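Structure, as structure tokens:
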Amino acid sequence: SAKPTLPTNFEVETWATLKSAITAIFLKRPDSCDLEKLYQAVNDLCLHKMGGSLYQRIEKECEEHISTALRSLVGQSPDLVVFLSLVEKCWQDLCDQMLMIRSIALYLDRTYVKQTPNVRSLWDMGLQLFRKHLSMAPEVEHKTVTGLLRMIEGERLGEAVDRTLLNHLLKMFTALGIYSESFEKPFLECTSEFYAAEGMKYMQQSDVPDYLKHVEMRLQEEHERCVLYLDALTRKPLIATAEKQLLERHIPAILDKGFVMLMDGRRLEDLQRMYSLFSRVNALESLRQAISSYIRRTGQVIVMDEEKDKDMVPSLLEFKASLDSIWEESFSKNEAFGNTIKDSFEHLINLRQNRPAELIAKFLDEKLRAGNK
């Protein structure tokens, strides 16, 4: 049977109904037309193969409103935080509006969009238009990025910042597919500069235990930033950047300035912190060499002092016992470190031909005679 003929002006009038509803959505005004009627209008157009032109008309409406919304941000508030709130509001409105339009035109998404290659869903179309018009307002994008970077720097300097605002805007960058290029790249550069300067300054001002505590705290804070508002993919490069500037660059200086002091003072907790931080940046080999030269230097004083021969063995045993406890408590029984301690000790015993060996034999002999098993 022949299809019923469509009333004249069917497409024009049906679109007029939809257009006024879409305009009302964008202007945040109530629309006189009920949803049922709007769904029906979309279904009718799709069923009569008018989905393609309906899609183009919706796109044109969306584009006009989105470009206007983004242009309205140009030249707004010199206060960056206020400006960021305006951007967030603009983005939030667009998301709400696109969801409403999509719910009216669900049938279009399910039929025309699905059946036609290379046509975006209405939601993706909205994102695409937002991205396009944001790139046509470079001042807005630039100011948004600058604002975000300023806020994060402020937070690093101890200011309280609106983390929800940061989170929403960075989610926007991710949704628009411009996060890594527009935000992450400059963010990592700023981070690198920030910690390069801080590392230099703090290394001069603090003693090593305090410096290591500070580094530990900073790495923890950056980790939290990733949980709270940065994209998860930023975590690895961010932590690596902070580790490089705060730790890797300063390994020799940290060892020169603090290692002997920590070993002499048996500072188990600080040594443990040093060990775990160094292991994060693959610097355990430097630490192992420092241990080796520490044992040789300290032990040499005990072994070579002929005046104190009678104290040599007890002193060596005491030294060895304290190294063992540091090895267990602070260096998590690292096998290579254990071997280094053993080798360095053998080196000490062989420093003065047979003298240490003789003294050890004598020491044991005396202990046994005294009945001290």
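Worth pointing out:
- Beyond 16 Å, the tail of the calculated P(r) for region 184-224 holds 41 percent of the Cα pairs.
- Heavy-atom accessible area for Glu153, with the other protein chains in place and a 1.4 Å probe, reaches approximately 90 Å².
- Note on Asp31: accessible area is roughly 50 Å² with a 1.4 Å probe, heavy atoms of protein only.
- Cα gyration tensor, region 77-223 - rounded (a/c under 1.5), prolate or oblate: prolate
- In this simple spin-label approximation, Ala160 and Gln272 carry label points 7 Å from Cα along the Cα→Cβ vector, and these lie 3.4 nm apart.
- The slack in the chain from Arg110 to Asp365, taken as 0.36 nm per residue of separation less the alpha-carbon distance, amounts to 82.4 nm.
- Every helix of 4 or more DSSP H residues in the chain counts as -39500 (n - 2.57), and over all residues that averages to -25000 deg cm²/dmol at 222 nm.
- Listed by chain and number, the lysines placed with their C-alpha closer than 24 angstrom to that of Lys132 are Lys19, Lys28, Lys60, Lys89, Lys114, Lys143, Lys171, Lys185; residues fewer than eight positions away on the same chain are left out.
- Selected from Glu329, Glu11, Glu36 as most flexible by GNM, with the chain as the system and alpha-carbon contacts under 10 Å: Glu36
- A Förster radius of 56 Å combined with the Cβ-Cβ distance from His48 to Lys244 puts the calculated FRET efficiency at roughly 0.35.
- Helix 51-71 axis, angle to the chain major axis (alpha carbon atoms, nearest 10°): 60
- Potential lengthening between Val81 and Ala336 on full extension [0.36 nm per residue; Cα-Cα distance subtracted]: 86.6 nm
- Here Ile239 sits with roughly 20 square angstrom of accessible surface, probe radius 1.4 Å.
- For the chain, accessible area per residue (1.4 Å probe, heavy atoms of protein chains only), Å²: 54
- Phi angles across region 164-175 convert, under the Karplus curve 6.51 cos²θ - 1.76 cosθ + 1.60 with θ = phi - 60°, into 3J(HN,Hα) values of 5, 4, 4, 4, 5, 5, 6, 4, 4, 4, 5, 4 Hz, Gly and Pro given as x.
- Alpha carbon centroid spacing (whole Å) that separates region 1-60 from region 313-373: 91
- Cα centroid of region 69-111 to Cα centroid of region 192-243, whole Å: 35
- The convex hull defined by the C-alpha atoms of the chain has an orientation-averaged projected area of 30.7 nm².
- Given charges at Cβ of Lys, Arg, Asp, Glu: the chain dipole, positive-most of Tyr229, Pro7, Val208: Pro7
The values are calculated or read from the model by the stated rules, or taken from the named source; none is laboratory data. Nothing here was measured: the structure is a model prediction, and the numbers come from that model. Virtual Cβ from ideal backbone geometry, glycine too; neighbours counted across all protein chains shown. Surface accessibility is based on the protein's heavy atoms, side chains included, excluding ligands, DNA and RNA. Shrake-Rupley method; radii C 1.70, N 1.55, O 1.52, S 1.80 Å.
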